[in-house]
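Below is one structure, written out as C-alpha cells, with a few remarks after it.
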Amino acid sequence: MVKENAVDVEEIASIFFTLTPDLDAEFPALAAREELGWRDVPLLCAREIGVPGAMTGVVRVLIHVNTEKSQKELKHVYLGKAAALRADLGEER
C-alpha cells in the first residue's frame, strides 16, 4: 500500500490492523516493526467481529497518512480473494 501510493514512512501518522478471528499466530504490528523497520510509526492491532459466513484469513490495514492527494487519487490494495470485499475500489493483485 505504501509503495502503490508512493508514501514516505515519515508521512505515516499511524497504522491500524484488524484480523479475522481465525488469525491468531502473530501480531501484524510486530511484523511491521521487525520486518519493515517501522519503529516510530504508531501501530495498533484488533480482532474483527466474528460474523457467521464472513471471509476468513483476512488482515485489513488502515494507514493514516499525511498527504495532499484526494481520496480518489489513493490506490486501495486488495490481495487475492480479498479483492471481492471492495471490488469497486481495488483490483486483484
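The values are calculated or read from the model by the stated rules, or taken from the named source; none is laboratory data. All values derive from a computational prediction rather than experimental measurement. Cβ placement follows ideal geometry from the backbone for every residue including glycine, while neighbour counts extend to all protein chains displayed.
Descriptive notes on the structure:
- A Cβ distance below 8 Å, combined with a sequence gap of six or more or placement on separate chains, defines the contacts here; from the range 60-86, residues that are more than 17 Å from residue 8 (Cα to Cα) reach residues that are surrounded by 15 or more Cβ atoms within 10 Å (Cβ to Cβ) and among the polar types (S, T, N, Q) in the pairs 60/18.
Yes/no per residue for (1) acidic (Asp, Glu); (2) within 24 Å of residue 5 (Cβ to Cβ); (3) surrounded by 12 or more Cβ atoms within 10 Å (Cβ to Cβ); (4) touching a Phe, Trp or Tyr at 6+ places or on another chain (Cβ under 6 Å):
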residue	(1), (2), (3), (4)
40	yes, yes, no, no
50	no, no, no, no
60	no, yes, yes, no
63	no, yes, yes, no
66	no, yes, no, no
72	no, yes, no, no
77	no, yes, yes, no
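- The range 13-24: number of residues that are in contact with a Pro (Cβ under 9 Å, 6 or more places away or on another chain), surrounded by 12 or more Cβ atoms within 10 Å (Cβ to Cβ) and among the aliphatic types (A, V, I, L, M): 2
- Flag for residue 46 being within 14 Å of the chain's Cα centre (by Cα) and exposed (fewer than 12 other Cβ atoms within 10 Å of the Cβ): yes
- Residues in the range 41-58 that are in contact with a helix residue (DSSP H, G or I) (Cβ under 9 Å, 6 or more places away or on another chain) and either at pLDDT 95 or above or of a type in the set (Lys, Arg) (or both): 41, 43, 44, 45.
- Only one of the numbered conditions (1) without any contact (Cβ under 8 Å) to a residue 24 or more places away in the chain; (2) hydroxyl-bearing (Ser, Thr, Tyr); (3) in contact with a Ser or Thr (Cβ under 7 Å, 6 or more places away or on another chain) is not met by residue 20, and that is (1).
- The one condition from (1) in a loop (DSSP other than H, G, I, E, B); (2) aliphatic (A, V, I, L, M); (3) touching an Asp or Glu at 6+ places or on another chain (Cβ under 7 Å) that residue 83 does not meet is (1).
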